[in-house]
1. Out of all the residues in region 177-196, which are at pLDDT 90 or above and assigned to a loop (DSSP other than H, G, I, E, B)?
2. L9 is checked against (1) part of a loop (DSSP other than H, G, I, E, B); (2) touching a Phe, Trp or Tyr at 6+ places or on another chain (Cβ under 6 Å) and fails just one. What number does that condition carry?
3. Filtering region 147-168 down to residues that are of a type in the set (S, T, N, Q) and assigned to a helix (DSSP H, G or I), which residue is modelled with the lowest pLDDT?
4. P202 versus (1) in a helix (DSSP H, G or I); (2) without any contact (Cβ under 8 Å) to a residue 40 or more places away in the chain: which is the lone unmet condition?
5. Identify all residues within region 96-134 that are charged (D, E, K, R) and free of Cβ contacts under 8 Å to residues at least 40 places away in the same chain; write none if there are none.
6. Report, ordered by the first and then the second residue, all pairs with beta carbons closer than 8 Å, sequence separation of six or more or different chains, a first member in region 20-32 that is of a type in the set (K, R), and a second member that is not in a loop (DSSP other than H, G, I, E, B).
7. In region 105-134, which residues are part of a loop (DSSP other than H, G, I, E, B) and within 14 Å of the chain's Cα centre (by Cα)?
Amino acid sequence: MSWILAESLARLRSQLNALAPDRSKASDGTIGDSLHTSASDHAPRWIAGDNVVSAFDVTHDPAGGLDCAKLWDALIQAKDSRVKYLIFRSQIISGAGGPRPWVARAYQGPNPHDKHLHLSVVGDARCRDGSPWMLPGLGDTSAPVSGTYCRLRDRNERVMKLQQFMTTVFRSYNLYRPTGYYGLATVEGVKEFQRRTGITGPDANGEVVGPRTLRELGKFGFEP
């Protein structure tokens, strides 16, 4: 049977490979083996026109640059709507559609998942959304970025460039129409981006795109 890995997971894998190019892939996994039942998310199922595998196992390799404890924390903090559930170190946590959303509970399965983190994405068209994942706390944040890029009530090409980037790269921002004016809609979009990437403090109310927000945008390819 032909199958594909859900585009959301393929995107995450490429991001992790870029963040940790020397990471081990010894426990990486997509399509399931004979030990996985047809009910497993590692088994292909028909979603939006293809047989799609909606689960990805990521090798825990701190020495190689990928600490799955930090990945676990990042995914929980970002609260991406594509997440169905995570399993790591005998804990399971459900996304927004599961029991006790975003609250960890004991995992009783035979595999404690201490060598890898398991991520299942939702079994609908959202799993085929290949938008970048926001991963606060992962990656190099030491690159210097100085100055305020734009702020509330600015009307210029910088604002237009920011708006065009966010509505193109992050599909969840498609409801915001690029206008070149930094109004309340842009405030809400920037504030949500800041929340999901772990930016806190007085400059994290969506009204200013400053050094920290620019640094996070740069991880997704934004060039001021």
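1. P178, T179, G180, Y182, G183
2. Just one mismatch for L9, condition (1).
3. Filtering region 147-168 down to residues of a type in the set (S, T, N, Q) leaves 148, 156, 163-164, 167-168.
If we keep only those that are assigned to a helix (DSSP H, G or I) too, we end up with 163-164, 167-168.
On the way: Q163: 95, Q164: 94, T167: 91, T168: 88.
If we take residues in region 147-168 being of a type in the set (S, T, N, Q) and assigned to a helix (DSSP H, G or I), then T168 is modelled with the lowest pLDDT.
4. (1) is the only condition that P202 fails.
5. Pass one, region 96-134, residues charged (D, E, K, R): 100, 105, 114-115, 124, 126, 128-129.
R100, R105, listed by residue number.
6. The qualifying pairs are R23/L16; R23/N17; R23/T59; R23/D61; R23/G64; R23/L66; K25/T59.
7. Of the residues in region 105-134, the ones part of a loop (DSSP other than H, G, I, E, B) are 107-115, 122-124, 129-134.
Residues satisfying the conditions are V122, D129, G130, S131, P132, W133, M134.
Conditions (1) in contact with a strand residue (DSSP E or B) (Cβ under 9 Å, 6 or more places away or on another chain); (2) exposed (fewer than 15 other Cβ atoms within 10 Å of the Cβ); (3) closer than 24 Å to W72 by Cα; (4) not assigned by TED's automatic domain parsing to the domain that holds L12, marked per residue:
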| residue | (1), (2), (3), (4) |
| --- | --- |
| M166 | no, no, no, yes |
| Y182 | yes, no, no, yes |
| T197 | no, no, yes, yes |
| T200 | no, yes, yes, yes |
| V208 | yes, no, no, yes |
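The values are calculated or read from the model by the stated rules, or taken from the named source; none is laboratory data. Source: prediction; values computed, not measured. Cβ atoms come from the backbone with ideal geometry, glycine included; neighbour counts cover every protein chain shown.
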